[in-house]
Amino acid sequence: MSALPGPVSLDELRRRRHELARRVAALTFDLGGLTYEMAARDHYRLDVLSRRAAELQQADGELGEVERLLAASEDGVVGSCRSCGAVHSRGATFCWHCGQPLVTG
C-alpha cells in the first residue's frame, strides 16, 4: 500500500479515492476477463491469476484506507484518546469513552 505523504487535503483524498476506485474497477474487470479466457481455453495459470489478484487486493486495501480517512475527516474526527484509543472530534476536552482528559496542560 502506498502511503500518502504528510498532511493531505480533503480534495487530494477525494481525488485519490476516485483514482483508486477506477483502478479497482479496471483490475476487477481484467481479472474476471482473464479468468473467463483461461476457463474457455481450459488452461489455468494460477501464478498469473494470483499475481493479478494480489494487485487488485493491494489497490482495494488502499482504497479502503483512503475511504476511512475521508470518512473520519468528514465526520469531524481529528484524533484518538491516548488512553483508550477512542476517536474524538475537534474541540473535545475529555474522552467520551473513558473520561480521560484529551488536552494536556
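The values are calculated or read from the model by the stated rules, or taken from the named source; none is laboratory data. Since the model is a prediction, treat every value here as computed from it, not as a measurement. Here Cβ is always computed from backbone atoms with ideal geometry, including for glycine, and neighbour counts include all displayed protein chains. Note: accessible area is taken over every heavy atom of the protein model, side chains too, but ligands, DNA and RNA are not part of it. Shrake-Rupley method; radii C 1.70, N 1.55, O 1.52, S 1.80 Å.
Among the residues of the range 59-98 satisfying the criterion of being hydrophobic (A, V, I, L, M, F, W, C) and in a loop (DSSP other than H, G, I, E, B), which is farthest from the chain's Cα centre (by Cα)? It would help to see each step written out before you state the result.
Going through the range 59-98, the residues hydrophobic (A, V, I, L, M, F, W, C) turn out to be 59, 63, 66, 69-72, 77-78, 81, 84, 86-87, 92, 94-96, 98.
From what is left, the residues that are in a loop (DSSP other than H, G, I, E, B) are 81, 84, 86, 92, 95-96, 98.
Details: Cys81: 22, Cys84: 23, Ala86: 19, Ala92: 26, Cys95: 26, Trp96: 26, Cys98: 28 Å.
Of everything passing the filter in the range 59-98, Cys98 is farthest from the chain's Cα centre (by Cα).
With the requirement that a residue be of a type in the set (A, V, I, L, M, F, W, C), farther than 30 Å from Leu10 by Cβ and surrounded by 11 or more Cβ atoms within 10 Å (Cβ to Cβ), what does the range 23-77 give you?
Leu31, Leu34, Met38, Val48, Leu49, Ala53
For the subset of the range 79-94 comprising residues that are farther than 21 Å from Leu69 by Cβ and touching a Leu at 6+ places or on another chain (Cβ under 7 Å), which member is surrounded by the most Cβ atoms within 10 Å (Cβ to Cβ)?
Ranking the candidates gives Phe94 first.
I'm checking my understanding of the structure. Among residues of the range 18-58 that are of a type in the set (D, E, K, R) and not in a helix (DSSP H, G or I), which one is nearest to His88 (Cα to Cα)?
Arg45
So which residues in the range 19-55 are under 23 Å from Val66 (Cβ atoms) and acidic (Asp, Glu), if there are any at all?
Once the filter is applied, which keeps residues that are under 23 Å from Val66 (Cβ atoms) and acidic (Asp, Glu), the range 19-55 yields Glu19, Asp30, Glu55.
Among Ser73, Ser50, Ser80, which is modelled with pLDDT of 95 or more and among the hydroxyl-bearing types (Ser, Thr, Tyr)?
Answer to the selection: Ser50.
Out of the residues in the range 4-16 that are open to solvent by less than 80 Å² (accessible area, probe 1.4 Å) and in a helix (DSSP H, G or I), state the one that is modelled with the lowest pLDDT.
The extreme case among them is Leu10.
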